[in-house]
């Protein structure tokens, strides 16, 4: 009889990246309960709602970075792209462009950056760190220039209060079934990309090039196309985050999305996505983003200083990567098998 | 009386609590070329590590130059003055030949490096063995043969009395191998000792004075000079029987189908373009006698090189190699290069199926039925085992089964037997035969013929400045080199005569 049938937990753990995800979920429950015991407000409905809404941004950024990390690359332009997205959308709306059209134009701009990133890394073989560092500066530059080196006015000044409210409610302030729309947008995006990664050929190809790019090539995987697809996913998520930031502020901020690329790495890595590529699931990223936001929220609630918050989060990220290295190599300081 | 250069006496050695070498005895004399034939690879890497470094032993003693260097009582963990030449270069890239040989050696104390002086110092060594390598050449630009010679010279210059050559026959062509053997004999005459490790007993029987057989981390047998015949090797007999059976069957029952593919390539160093056609169920071996040509051929198969014109056609239509499910490429040392360690066994097995079965990743039923079908052949345990933890045999089976599932018309195999021990060579041979049996054409690209002649229906030799030379199976007996399995064809020819 098959051993796996005997032990469903073992079977669950055998799923690629599930170990990391479950660890992050366990950590999430512990952290949440710990903060809840210190301060009961953590358990209130309103706090949970706020938590879910602010977690959504990190989840989207995490999905963006996870896709790229699984291919064994990195995308440093995510935060700047979110900033660019916020600025383009806000500028267009202040000029009176219909929000739907503004969203389409913003999305196209981000997709262009995604394709450029994919080609620089996949086709021209530039180190992903350098290639996306370049596009990070370019996209931030575009964010600055799009409205003449200043933040935009309120979007209501261009499209009118009603339309601006609709836009802001759709992306940030509105609720559906009692939960903020931001969360639903993030969850819908999560489900689409979760399906793409786990149930489609493209998903397998993304894992394959992160695991062994030469073998993937020999198996007929189009490495350039697959890398570009991963960067496109990253661009789409960054675009959505930019739109959320725009809706949240009701205007375009040139510095929007600053450092988000690193938050994305943190969310992915805490959830078990390996920075070395080939491993990780989006369920883990969901857990990672939740851990991140719960920590931030909890530390705020207990009155910790911002500095302390950063230190704690930093330690957790390092610990998560260390755990990944230990799991992969079996022990600390041992080289990875070739 | 000849001096003893190296001796391992009742050595037992463990790694992570697993016994890698047990009651291991080996001695190499001055001026001797000792053959070392691993029947399986178990304990092989541990043995090489022990040769390089004095690691802690469970039991036994190791002597070098009649001096105790390591024992179960005390291990100094220092490096031995033994040169080990392997597939992976130990030369430092970005530095010249002269720098690698003279500057990067223990005891080199000069602060001011004078390339002209180094050049002069190297010259007599090169003249001595009759080779021409530039002292100023960067080591990464060297051919495999030149790299081996530089490593050998590095050992000689450093005063290492024992030189270990590991699987060199799979790296260089037949001509180069002959030159290397000549150089080894030259230095053996000067008192240097060689340990010649290889899974091809034909080489070993031909050039070595004595040979040892290692199996499961133990020395099974020592062949003395008067015993250096294939009949004394049990594992070789088994393989021999298998190949003879296959060849007899093939002789009586030729099952070649219609054309699987045709290839045309203007390889820069060759006089005329390379052209060949392969039939379904046919095996062609392409031997590259020049490293540059081999590199170009690999570039075509692995990178779809565009620098020169080449063309692959199937059913009169131009086809690509990469991304084409009708063609498959098996890279050399496929257990290291062709697997996805982060994906599970089923994902690895079904990876090439997605064009044949679009829903393979969407629905579990297809994978379930494949698992049921292949579970009987590959064993149920493998499906739950992480890729890194599979045995070498299971990894080979996985790579070849993946290709079988893909059902290509032609499979290009790059040096399929490279780095494989005796047992794995037999396995690879069987797996390739399965391809042929199912009507898949097999094109083997090799520098050294290794076991390819035991399967090939035709052999095409490519050399610099020459046109391709083709031998059919009937002509194999007249091939002017000494290659494994050639004796079978020569025996056959004698019988006919």
Legend entry - Cβ neighbours within 10 Å from other chains - mean over A:206-217: 5
Inset, instruction - Over the range B:87-197, consider all pairs of different Cα atoms and compute the Kirkwood hydrodynamic radius from their mean reciprocal separation; express it in Å, one decimal. - result: 14.4 Å
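For residue B:362 and residue B:2 in one chain, what is 0.36 nm times their gap in residues minus the Cα-Cα distance, to one decimal in nm?
Gain on stretching residue B:362 to residue B:2: 122.6 nm.
Does the range A:1-105 classify as rounded, prolate or oblate by the C-alpha gyration tensor (a ≥ b ≥ c root eigenvalues; a/c under 1.5 gives rounded; else a/b over b/c gives prolate, otherwise oblate)? Intermediate results must be reported in sequence, preceding the final value.
Details: a/c = 2.98, a/b = 1.54, b/c = 1.94.
In terms of gyration-tensor shape, oblate.
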Legend entry - Antiparallel DSSP beta bridges within the protein assembly as shown, percent to nearest 5: 55 percent
Inset, instruction - Can you tell me the equivalent ellipsoid semi-axes for chain B? Use √(5λ) from the Cα gyration tensor, largest first, whole Å. - result: 39, 28, 24
Legend entry - Peptide-level mean, for B:384-393, of C-beta atoms on other protein chains within 10 Å: 1
Inset, instruction - Using only C-alpha positions, report the orientation-averaged shadow area of the convex hull of the range A:41-261, nm², one decimal. - result: 12.7 nm²
Inset, instruction - Please report, in cubic angstrom per residue, the volume enclosed by the convex hull of the alpha-carbon atoms of the range B:209-258. - result: 125 Å³
Legend entry - Once the Cα gyration tensor of the range A:190-325 is diagonalised, semi-axes √(5λ) in Å: 30, 20, 12
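How big, on average over all directions, is the shadow cast by the Cα convex hull of the range B:13-166, in nm²?
If I average the Cα hull's projected area over directions, I get 10.8 nm².
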Legend entry - Computed over the range B:116-271, the ratio Rg/Rh where both radii use C-alpha atoms and Rh is Kirkwood: 1.08
Inset, instruction - Take every Cα-Cα pair in the range B:356-459 and report what % of them are more than 18 Å apart. - result: 54 percent
Inset, instruction - For the range B:398-492, evaluate the Debye formula with one uniform point scatterer on each Cα (no solvent term) and list log10 I(q)/I(0) at q = 0.20, 0.23 Å⁻¹, rounded to two decimals. - result: -1.08, -1.31
Legend entry - Descending semi-axes in Å of the range A:106-232, equivalent ellipsoid built from Cα gyration tensor: 35, 23, 9
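So if R0 is 25 Å, what FRET efficiency would residue A:192 and residue A:95 give, r being the distance between their Cβ atoms, rounded to the nearest 0.05?
0.20
Quickly rank B:208-220, B:142-154 as a protection proxy: mean count of other C-beta atoms within 10 Å, highest first.
The densest-packed peptide leads the list: B:142-154, B:208-220.
For the range A:13-167, build the convex hull from the C-alpha positions and give me its volume per residue in Å³.
Residue-normalised Cα hull volume stands at 164 Å³.
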Inset, instruction - With a 10 Å radius around each residue's Cβ, average the other Cβ atoms per peptide and rank B:47-57, B:163-173, A:40-50, highest first. - result: B:163-173, B:47-57, A:40-50
Inset, instruction - Would you compute, from DSSP H runs of 4+ residues alone, the mean residue ellipticity of the protein assembly as shown at 222 nm, taking -39500 (n - 2.57) per run and dividing by the full residue count, rounded to the nearest 500? - result: -15500 deg cm²/dmol
Inset, instruction - Enter the Cα centre distance for the pair the range A:10-61 and the range B:276-338, rounded to the nearest angstrom. - result: 51 Å
Inset, instruction - Extending each Cα 7 Å along its Cβ direction at residue A:176 and residue A:154, get the distance between those two points in nm, one decimal. - result: 2.7 nm
Legend entry - Length-normalised contact order for the range B:337-406 - Cα pairs under 8 Å, 6+ apart - percent: 52 percent
Legend entry - Among A:99, A:275, A:127, residue whose mean-square fluctuation peaks in a GNM of chain A (springs only between Cα atoms under 10 Å): A:127
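For the range B:337-406, count the residues as N, evaluate 2.2 N^0.38 Å, and divide the Cα radius of gyration by that value, please.
My calculation over the Cα atoms of the range B:337-406 gives 1.01.
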Inset, instruction - Compute the acute angle (0 to 90°) between the alpha-carbon long axis of helix B:486-496 and the principal axis of greatest extent of the alpha-carbon atoms of chain B; round to the nearest 10°. - result: 60 degrees
Inset, instruction - Run the quick spin-label model on residue B:464 and residue A:130: label points 7 Å from Cα toward the beta carbon, then report their separation in nm to one decimal. - result: 3.3 nm
Inset, instruction - Two decimals is fine: what is log10 I(q)/I(0) at q = 0.07, 0.11 Å⁻¹ for the protein assembly as shown, from a Debye sum with one equal scatterer on every Cα and no solvent? - result: -0.68, -1.29
Legend entry - Stokes-Einstein translational diffusion, the range B:271-339 - Kirkwood Rh over all Cα pairs, 1.002 mPa s, 20 °C, in µm²/s: 155 µm²/s
Inset, instruction - Calculate how large, on average over all directions, the projected area of the Cα convex hull of the range B:276-383 is; give the answer in nm² to one decimal. - result: 9.4 nm²
Legend entry - FRET efficiency for residue B:355 and residue B:185, using Cβ-Cβ distance with R0 set to 51 Å, rounded to 0.05: 0.45
Legend entry - 23 Å tail of the calculated P(r), the range B:186-317, as % of Cα pairs: 60 percent
Inset, instruction - Could you tell me which of rounded, prolate or oblate describes the range A:236-282, using a ≥ b ≥ c as the square roots of the eigenvalues of the alpha-carbon gyration tensor, with rounded for a/c under 1.5 and, failing that, prolate when a/b is larger than b/c and oblate otherwise? - result: prolate
Legend entry - Label-point gap, in nm, between residue B:61 and residue B:256 - each point 7 angstrom along Cα→Cβ: 6.2 nm
Legend entry - Nearest 10 degrees, 0 to 90: helix B:364-378 Cα axis against chain B principal axis: 50 degrees
Legend entry - Residue-averaged beta-carbon neighbours from other chains (10 angstrom radius) around B:341-350: 5
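Each reported figure results from applying straightforward, stated rules to the coordinates on display, with no laboratory input. Small disclaimer: the values here were computed from a predicted structure and weren't measured. As a convention, Cβ positions derive from the backbone with ideal geometry for all residues, glycine included, and neighbour counts pool all protein chains shown.
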